[in-house]
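Participant: Take this structure, written in structure tokens, and hold onto it; I'll ask about it next.
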Amino acid sequence: MDFEKFKETIRQDLLENLPQLETAGIEFRDVEKLQNQSYTAMSITPENSAIGASLNIEKYYQQMENGRPYGEVLDVLSEEVIQIMEEIPQVDAAALTDYESMKPHLMVQMVSTERNQEMLAKVPHKEIEDMSLVYRFELSSGEEGLYSTLIRNEALEMYGITPEQLHQDAMERVPLTHPASIRNIVEVMMALGGEELPEGIFDNASPMFVASVPGGVNGAGVLAYPDFMEQGAAKLGGDFFVLPSSIHEVILLPDDGQISPAELKTMVMEVNASEVMPEEQLSDNVYHYDSKEKIFELAEKFEARQAQKERAAEEREERPSVLKTLGEKKMECAKQEPAIGKTVKHSGPEW
């Protein structure tokens, strides 16, 4: 059975086996994921619903191609369809077309610019070094997860707003609805373990901090918040490095001279390669915040800027002051000038 035949067969069998789908719309479409990836999805939209849910149908076809009986594939897919039908949030279709109604539901997501060029060509975004901030509407969140939709260029045309206006609105609202959280990594690890924090745990705590948002979804977007860098500098006591752990969180590390940017970059690359799913990777680079100059930049740019400052300082020390040089020349000339207009007494006879 080829893929096209599989799609039509699975659609018919689902409609016959699941009464929930009698009035639902089922269609197949290409879905773009992060990192320039895409897949064929089966989209299910309940009757009178403004949104639907998508399942990667290629995954189930691959299972059959790998030898799993079609009947088992159908059973597994049916169970998943039942579950997502129960979880699809109820959204007012009219509200989706009204920007003022949707504005309170704005959220942001930070993604890799290089790895998402195809997607970024279709959505409003703001570049921050080698990353890009994109904008979403949060449709619902709860124990079943978070449902959101990416804001595309055509949506801005419908709303009659500019990308600049969208960014301004997001920066005013998102830090309030999804506030930045900066916690010591010891605290984060203890919380994940479900244990209470022992008294004095931070006396010798790691200087490493984790920055994200409540719920931990798309938390790397805090890097764009207007006051986030100042918050980080206050928490870490000055300049700090930013390690892009994933699109969901970043790690902050004080710039105390204990470790070089090159070592940190190696660490990030190794973790991305072994621990982070491709669609959740943010960058292999390391960033730096200069709390005195208030500059957030790639760590390699910071190093280059510091090297340039050092070279300029050395040149100033080696080059004599212009005023000092002029003063010395003036004194030297004064010593060599003849006395003019003065009476000179001679010891010899007068003529």
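The values are calculated or read from the model by the stated rules, or taken from the named source; none is laboratory data. Computed from a prediction, not measured in an experiment: that's the story for all the values here. Backbone-built Cβ (ideal geometry, glycine too); neighbour counts: all protein chains shown. Keep in mind that these areas ignore ligands, DNA and RNA; they rest on the heavy atoms of the full protein, side chains included. Shrake-Rupley method; radii C 1.70, N 1.55, O 1.52, S 1.80 Å.
Participant: Enter the accessible area of H105 (Å², nearest 10), with the probe set to 1.4 Å and all protein chains included.
Facilitator: 80 Å²
Participant: A further question follows. Give me a comma-separated list of calculated 3J(HN,Hα) values for region 112-124, in order, Karplus coefficients 6.51, -1.76, 1.60 applied at θ = phi - 60°, integers in Hz, x for any Gly or Pro.
Facilitator: 6, 5, 4, 7, 10, 4, 5, 5, 5, 5, 10, 9, x
Participant: Taking 27 Å as the cut-off for C-alpha to C-alpha distance, list the pairs among K7/K103; K265/K294; K235/K294; K126/K292; K126/K301; K126/K265 that go past it.
Facilitator: Values: K7/K103 37 Å; K265/K294 22 Å; K235/K294 15 Å; K126/K292 25 Å; K126/K301 20 Å; K126/K265 24 Å.
Correct reply: K7/K103.
Participant: Continuing with the same structure: Set the Förster distance to 45 Å, then compute FRET efficiency between A234 and E263 from the Cβ-Cβ distance, nearest 0.05. Could you put the intermediate results ahead of the total?
Facilitator: Details: r = 26 Å, r/R0 = 0.57.
The computed FRET efficiency comes out at 0.95.
Participant: Once the piece of chain linking E129 and E72 is laid out straight, how much longer is it, given 0.36 nm per residue of separation minus the C-alpha distance between them? Please list the in-between numbers first.
Facilitator: Numbers: separation 57, 0.36 × 57 = 20.52 nm, distance 4.73 nm.
In short, 15.8 nm is gained.
Participant: OK, next. Taking θ as phi - 60°, what are the ³J(HN,Hα) couplings along region 150-159 by the Karplus curve (6.51, -1.76, 1.60), each to the nearest whole Hz, with x for Gly and Pro?
Facilitator: Going residue by residue, I get 6, 7, 9, 4, 5, 5, 5, 5, 5, 7 Hz, with x marking Gly and Pro.
Participant: Between E164 and K301, what is the FRET efficiency for a Förster distance of 22 Å, r being their Cβ-Cβ separation, to the nearest 0.05? Spell out each step's value before the answer.
Facilitator: Values: r = 25 Å, r/R0 = 1.14.
The computed FRET efficiency comes out at 0.30.
Participant: Follow-up. Taking amide H positions as placed 1.01 Å from N in the peptide plane, with prolines and chain starts having none, which residues 5 or more places from T113, or on another chain, fall under 5 Å of its amide H?
Facilitator: HN-HN under 5 Å from T113: M131, S132.
Participant: Stokes-Einstein diffusion coefficient for region 236-312 at 10 °C in a medium of 1.306 mPa s, Rh from the Kirkwood formula over Cα pairs: what value in µm²/s?
Facilitator: Values: Rh = 13.1 Å.
Translational D for this selection: 121 µm²/s.
Participant: Give me the extension gain from E87 to E275: residue separation times 0.36 nm, minus the current Cα-Cα distance, reported in nm with one decimal. Could the numbers behind the result be given before it?
Facilitator: Numbers: separation 188, 0.36 × 188 = 67.68 nm, distance 2.90 nm.
Roughly 64.8 nm would be gained on extension.
Participant: May I pose another question? With the full set of protein chains in place, find how many percent of the accessible area of region 211-327 is carbon and sulfur; take the probe as 1.4 Å.
Facilitator: Working: 3280 of 6270 Å².
Answer for region 211-327 is 52 percent, counting heavy atoms of protein chains only.
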